[in-house]
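J.: I'd like to ask some things about the structure below.
Each reported figure results from applying straightforward, stated rules to the coordinates on display, with no laboratory input. Model, not experiment: these values are computed from the prediction. Cβ sites come from the backbone with ideal geometry, for glycine too, and all protein chains shown count toward neighbours.
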Amino acid sequence: MSIRYLDKNFAITSQVSPESLPGLRDAGLATIICNRPDGEAGDQPAFAAVAEQAAACGVQAHYLPVVPGKITPSDVEAFAALYADSPKPVLAYCRTGLRAETLWQLSEGLRNGSQKIKEQ
């Protein structure tokens, strides 16, 4: 798994597995946000399994699934709120990391005090 930091307190990656949680915790990550709907692929672990292991490791886990290419303003607002209220640093993930990165980019105005939400 490759982790890419977009900010000192925010990173993205591809699918997180329950087994990867101890390593993520040891790397200093405090929160994970899943942007991938359950059941998107047959080999994908259910978010509940990831969240259970995250809790056991002392890492907060949030589920904000979005459909590729169909991110809504409500998704962006929810993402910005989760980020604001979560212990840092935060790691968001989906299948490739692209949805997580898109949410980060689209929420920039909300995170920086501007209420303007860019449409995808």
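J.: Condition first: charged (D, E, K, R) and out of contact with any strand residue (DSSP E or B) (no Cβ under 7 Å at 6 or more places or on another chain). Now tell me which residues in the range 1-35 satisfy that.
T.: Matches in the range 1-35: ASP7, LYS8, GLU19, ARG25, ASP26.
J.: Scan the range 95-105 residue by residue and report those that are surrounded by 21 or more Cβ atoms within 10 Å (Cβ to Cβ) and either β-branched (Val, Ile, Thr) or not in a loop (DSSP other than H, G, I, E, B) (or both).
T.: Within the range 95-105, ARG99, ALA100, THR102, LEU103, TRP104 meet the criteria.
J.: Going through ALA41, ALA92, ALA61 one at a time, which residue ends up being in contact (Cβ under 8 Å) with a residue 24 or more places away in the chain, surrounded by fewer than 18 Cβ atoms within 10 Å (Cβ to Cβ) and outside any helix (DSSP H, G or I)?
T.: One residue alone meets the criteria, ALA41.
J.: Within the range 65-80, count every residue that is surrounded by fewer than 19 Cβ atoms within 10 Å (Cβ to Cβ), within 12 Å of the chain's Cα centre (by Cα) and within 17 Å of PHE10 (Cα to Cα).
T.: 1
J.: Which one is farthest from GLU52 (Cα to Cα) among residues in the range 14-31 that are free of Cβ contacts under 8 Å to residues at least 60 places away in the same chain and not in a loop (DSSP other than H, G, I, E, B)?
T.: The selected residue is ASP26.
J.: Take the residues in the range 5-38 that are among the basic types (Lys, Arg) and surrounded by 13 or more Cβ atoms within 10 Å (Cβ to Cβ); name whichever of them is farthest from the chain's Cα centre (by Cα).
T.: Of everything passing the filter in the range 5-38, ARG25 is farthest from the chain's Cα centre (by Cα).
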